[in-house]
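Below you'll find the structure, written out as structure tokens, and then a few comments.
The values are calculated or read from the model by the stated rules, or taken from the named source; none is laboratory data. Please read these numbers as outputs of a predicted model, since none were measured by experiment. Note: ideal-geometry Cβ built from the backbone for every residue, glycine included; neighbour counts use all protein chains shown.
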Amino acid sequence: MLSTSKPPLTATAPVPAQPTYILRGHAAQIHSVHFYSSNTRLATADASGWVILWSLHTRRATAVWKAHEGSVLKVDGWDGKIITHGRDNKLFVWRVEEEGMDVLLPVEDEVRWRRSPWLVASLDVNALNFCGFGGCAGATAAAATGEGGYLVAVPAPLRAEDVGRFPCLGVGCVDVMRLPDGARVYAGVRHEGVKTGMAMSLSMFYSGEHLVLVAGYESGHAVVYKWDTKDTWKVVYTHKPHSQPILSLSVSPTPDTNPYFITSSADSVIAKHPLPILTTTPAPNTPDTPPPNEPIKVTDTRHYGQQSITIRSDGRIFSTAGWDSRIRVYSVKTMKELAVLKWHREGCYAVAFGEILDGGSGQEGGDGDGREVLSVEKRREKKVKETHWVAGGAKDGKVSLWEIY
């Protein structure tokens, strides 16, 4: 007689990863998340215009305010300040003094008035196409623009004569503005030879003395522009790896030494592209070296709608937030999937990594050896700073915090 009993298991199945904490503060879907202040703070922004600043030490809100009348497209940091870009065609720079700020969460009450932080600067920008700004700052910014400040790349507004007749004409152009004075530094940056459609995702950085703009478009094209010494924007890379609009892109944290960027789309493809910004002579084509206008690697993940993509500060891994409610982690080198973080039940729209900080910066020791004895509070703060965080925001208004790799 055959036995129907199951053989004993020789090894237990791996336990799925679980989030370290769930931040429940928003009543609307999360559109942007951003770590700052050495990983001690997390900024989250939603589709109703609310921004919440969280302490990762206490896991509680330290500031809550309604930054925009429309959805927030992006929240970021600059020089100790918070930048928000909304669907109300406004870009704001806030100086937040947490002491005295309201902490009543939107999920508890969306109607009651909250005190807003100090508004440092404001720009009228275009938000027609759900494209958040790309920005950069640095010493070279002052040399290039004649003044210091922070540069932001935003989709150019439609011309008045085009409105109504050609709803999509002209929105492939990008303007570069300067904060805090709001001056338009460069206008109408676009690819003249390709029908790109609307700009969907933007990033900007300096490579030496070169200002570089990376743009992902509605057509699925990824384009790299370099500001030329002849006062023109030169296209240095163009490729269309996607059959659907590009939803997000992320540039290498060290583009001078490891030049690449990665794009995700409404389709299932993730593409890793070169950044040919410093090459003066074209490299010969070899089996290991793609042609100048070809991606480094294209991977079909079979997961459609990867809304957000970001590379960790050490350049080893990147992560995506997908419409299928999953946060996925990939190797930058191989583009292979390393982990799937499952907790949310609705689509994930935003993902961010905490910065990888040097674990040797803090010290613990005893008496007489010259080393600092850290208090319990300081040890907890040190642990928060050195944790390898990833945060994901979803349609359900919740933000999941994970510790990985």
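From the list Gly70, Gly100, Gly80, Gly146, the one residue that fits, being at pLDDT below 95, out of contact with any strand residue (DSSP E or B) (no Cβ under 7 Å at 6 or more places or on another chain) and more than 30 Å from Tyr206 (Cα to Cα), is Gly100.
Tell me which residues, restricted to segment 65-80, are assigned to a loop (DSSP other than H, G, I, E, B) and either of a type in the set (Gly, Ala, Ser) or surrounded by 20 or more Cβ atoms within 10 Å (Cβ to Cβ) (or both). Across segment 65-80, the qualifying residues are Ala67, His68, Gly70, Ser71, Gly80.
Contact map, segment 129-143: residues that are modelled with pLDDT under 95 paired with residues that are assigned to a loop (DSSP other than H, G, I, E, B) and among the β-branched types (Val, Ile, Thr), Cβ distance under 7 Å, separation 6+ or inter-chain. Pairs shown: Asn129/Val171.
A search for C-beta distances below 6 Å between a residue of segment 38-56 that is touching a residue at least 40 places away in the same chain (Cβ under 8 Å) and any residue that is of a type in the set (Lys, Arg), counting only pairs 6+ apart in sequence or on different chains, returns Ser38/Lys385; Asn39/Lys385; Trp50/Lys66; Leu53/Arg41. For segment 243-258, indicate whether the set of residues that are without any contact (Cβ under 8 Å) to a residue 24 or more places away in the chain and either in a strand (DSSP E or B) or over 18 Å from the mean Cα position of the chain (by Cα) (or both) is non-empty. Looking through segment 243-258, at least one residue is without any contact (Cβ under 8 Å) to a residue 24 or more places away in the chain and either in a strand (DSSP E or B) or over 18 Å from the mean Cα position of the chain (by Cα) (or both). In summary, Ile22 fulfils each of the numbered conditions (1) touching a residue at least 40 places away in the same chain (Cβ under 8 Å); (2) assigned to a loop (DSSP other than H, G, I, E, B); (3) surrounded by fewer than 19 Cβ atoms within 10 Å (Cβ to Cβ) with the single exception of condition (2). The set of residues from segment 29-45 being part of a strand (DSSP E or B) and either over 20 Å from Glu110 (Cα atoms) or not hydroxyl-bearing (Ser, Thr, Tyr) (or both) comprises Ile30, His31, Val33, His34, Phe35, Tyr36, Arg41, Leu42, Ala43, Ala45. If you go through segment 290-320 and pick out every residue that is surrounded by fewer than 19 Cβ atoms within 10 Å (Cβ to Cβ), touching a residue at least 40 places away in the same chain (Cβ under 8 Å) and at positive phi, you end up with 1. Within segment 227-259, the set of residues being modelled with pLDDT of 95 or more and of a type in the set (D, E, K, R) comprises just one member, Lys240.
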